[in-house]
Each structure stands twice: as structure tokens, then as C-alpha cells.
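Okay, so here's the structure we're looking at.
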Amino acid sequence: MKEIFEAIEKSAIEIADAIDRDSFSYSETHNAHGDHQLELDLECDKIIEDNFRSVSNLRGISSEEKDGFLELGEGEYLISYDPLDGSSLVDVNLSVGSIFGIYKNEFLGKNLIASAYVVYGPRVELVIAVDEVKMYRLHKEEKKFHFVKNLKLQEKGRITATGATQNGWSEKHRNFVRDLFDGGYRLRYSGGMVPDLHQILLKEGGIFSYPSTTDRQKAKLRLLFEVFPFAHIFEKAGGRAVTEELSRVLEVVPENLHDTSPCFFGSKSEIEVVEKYYGR
Ligand code: AHG
């Protein structure tokens, strides 16, 4: 897997340069989710694809920006990735990210053997989860990532991030959010999943939720490209990731590459609050 992580590091360095350099105009294309793609989305996708093409032992890759699976060889590993998550935040200069899931055999949560994400913010940081969750920071002149620390969640945090249109939230979700605020939690939501979850991991606790809404029963976030990798990272950091049915996110079986699911990622105490409201 060393080669895969090297390809991710190289991609991160090239994407950070592209974000600094490129214009943020829209392309003429839409992705499988109907999102209008930025030129930058397409460039980041290409950077990652090119870097993975030179990795041996890959069977193929699937990108959030592409409809299908791209076969690369006879290798052992499959990779799903979101090249530029939160791309609607690029023009307002908020942090964005790339997300990667590395699987054996099939794109199933239980087959994830490693996951990673990169945050492009004031600093570029890379987090990789295999058995432990390790954070690295880019030294821009050296063009190298240096290990910073392991990330581990405490039992309980103090922040909450919750997405989707509030007028479409269920009563359960409203009550869940109210319970957190009544309990003294502070809202921390940028609209970028990568920096929002990175903040929870670095503050060592809290909860991120993206619920179903009246107009979007399956919510917005994509299982393969966003939800599985973060579920894996949160579990390895000592937290949990569950669906609205309270099953483990990593046990959800997607029917299609681009399936979405409501999801909650948090430390143990906050997931118990989810259980209190969604269990009813
Ligand atoms: P996009 O890449 O289209 O900007 O979407 C970002 C994702 C995810 O990163 C974030 O948590 C979520 O969409 C925000 O969605 P809402 O604005 O609906 O809360």
C-alpha cells in the first residue's frame, strides 16, 4: 500500500498547487449526481487518476466525478475517491478536501483496509487510517508531508455540525439537534465535510450529521466517496459512524457506485444521543 499512499501525497501536492493557481470557472459538464463540475473538479480528478495509473497492484478506481468504474489492471486493490469535496466553497476561500477509500475485492464498507483524506486550508494536512489514524502536514518548500500526531477521539466532545436544509429535517432530527444545543454544544459547520470532520477529530470529539430530509430521503453524501472512508476513520479513532436506522455505516451495502445515505459520525457519547432520538 506504500505506493498508494505515495500517489495520494503526490496528488495532494499537485491539487494544492492547482487550487492556488487555477480559476474557479464552471466546465460544461455535470457529474453522476447532477452537480455542475468546476474546471478545477475535473483537473483534480485527472491529477489523481494519472497518479493512480502508475501504481502497481491496483485493480481499478472509481471517482465521484466519473459515472463508472475505471479498470486499471489485475491488481489487488480498489480505490474510491472524491477529488475535491466541498468544491462550492472554493470561490469563497474556505477549506476543501480530497477523500480516499482503499478496498480489497469489492467496494463494501467491510472491505475497507485503509482510508485517507487531505484538507486544503491555510495548511495542507493529510490523515491516513489503517490500524491507527495518523495526521501529517505538508512542508510546502520541501514538498513533503511530515508526521504530526495520532488522532484519537475522547468519549465526548463539545461541537456539532449538521447539514441539509433545515425546513426538511424530521422531528427526530430537530429534537436531536435541540438536545445537543441544550446540552451546551456549539455549532461548527462550514459546508465542507472534510474540514468539518477534521475539526471534530482534532478537537477530539463531537458529532457531524447529515440527515434525510422530506425531499431527499437518501440525503446527499455518497457512500463510496465520502461516507465509508470517514466511517472507517472515525471507528479507527475510537468513535462510531451510524445510519438513521442505527446500523453501522460500514455494514450498508450500496447497490450503485453513487448511492448516498444519511449518516452520523461522532464520539461515543454523541452517538448515544443519536440512538436516543432515532431509536424511537
Ligand atoms: P459540494 O462538493 O457540492 O460543495 O458538497 C459538499 C458536501 C459536503 O462536503 C458537505 O458536508 C455537504 O455537501 C454540505 O451540504 P449542505 O450544504 O446541504 O449542508
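The values are calculated or read from the model by the stated rules, or taken from the named source; none is laboratory data. Predicted model only: the values in this text are computed from it and were never measured. A quick note on method: Cβ atoms are made from the backbone with ideal geometry, for glycine too, and the neighbour counts reach across all protein chains shown. Accessible surface is based on the protein model in full, side chains and every heavy atom, while ligands, DNA and RNA are left aside. Shrake-Rupley method; radii C 1.70, N 1.55, O 1.52, S 1.80 Å.
State, to one decimal in nm, how far the label point of Lys268 lies from the label point of Glu132, with both points 7 Å from Cα in the Cβ direction.
2.0 nm
In the stretch 1-116, if the dipole is taken from +1 on Lys/Arg beta carbons and -1 on Asp/Glu beta carbons about the Cα centre, which of Ala16, Ser62, Ala32 is farthest to the positive end?
Farthest along the dipole direction, towards plus: Ser62.
With every protein chain left in place and a probe of 1.4 Å, what is the accessible surface of Ile113, to the nearest 10 Å²?
So the heavy atoms of Ile113 present about 50 Å² to solvent.
Suppose a student asked you for the relative contact order of the stretch 147-248, using Cα pairs under 8 Å spaced at least 6 residues apart; what percent would you report? Show your work: numbers first, answer last.
Working: 111 pairs, mean separation 37.6, N = 102.
Result for the stretch 147-248 is 37 percent.
Run lengths n ≥ 4 of DSSP H only: what is the helix-derived mean residue ellipticity at 222 nm for the chain, with -39500 (n - 2.57) per run over all residues, to the nearest 500? Can you show the working numbers first?
On the way: 6 runs with 77 residues, N = 280.
Result for the chain: -8500 deg cm²/dmol, rounded to the nearest 500.
Using only the alpha-carbon atoms, what does the chain span along each of its principal axes? Please give whole angstrom values in decreasing order.
50, 37, 37
How big is the dipole moment of the stretch 159-278 about its Cα centre under a simple scheme where the beta carbon of each Lys and Arg is +1, that of each Asp and Glu is -1, and everything else is neutral? Debye, nearest 20, please. Before the final figure, lay out each step's value.
Values: 15 positive and 16 negative charges, 55 e Å.
Result for the stretch 159-278 is approximately 260 debye, rounded to the nearest 20.
Under 26 Å Cα to Cα from Lys143, which lysines show up? Leave out anything in the same chain fewer than 8 places away.
Lys2, Lys10, Lys46, Lys134
Which translational diffusion coefficient, to the nearest whole µm²/s, is obtained for the stretch 1-157 from the Stokes-Einstein equation, given a Kirkwood hydrodynamic radius over C-alpha pairs, 25 °C and 0.890 mPa s? List each step's numbers first, then the result.
Working: Rh = 16.2 Å.
The Stokes-Einstein estimate is 152 µm²/s.
Only loop residues by DSSP count here, and only those with at most 15 other Cβ atoms within 10 Å; note down the GluC sites (Glu not before Pro) in the stretch 1-85 that meet that. Don't skip to the answer; put the middle values down first.
Values: sites: Glu3, Glu6, Glu9, Glu14, Glu28, Glu39, Glu43, Glu49, Glu64, Glu65, Glu71, Glu74, Glu76; in loops: Glu64, Glu65, Glu74, Glu76.
Qualifying residues, ordered by number: Glu74, Glu76.
Rounded to the nearest 0.05, what FRET efficiency is calculated for Glu142 and Tyr189 with R0 set to 41 Å and r the Cβ-Cβ distance? Before the final figure, lay out each step's value.
Values: r = 34 Å, r/R0 = 0.82.
Calculated value: 0.75.
For a quick check of your reading of the filter: which GluC sites (Glu not before Pro) in the stretch 88-133 sit in a DSSP loop and have no more than 16 other Cβ atoms within 10 Å? Intermediate results must be reported in sequence, preceding the final value.
Numbers: sites: Glu106, Glu125, Glu132; in loops: Glu106, Glu132.
Listed in order of number, the matching sites are Glu106, Glu132.
Using θ = phi - 60° and the Karplus relation 6.51 cos²θ - 1.76 cosθ + 1.60, list the HN-Hα couplings for the stretch 177-190 in order, rounded to whole Hz, with x at every Gly or Pro.
5, 4, 4, 5, 5, 4, x, x, 6, 9, 7, 9, 9, 9
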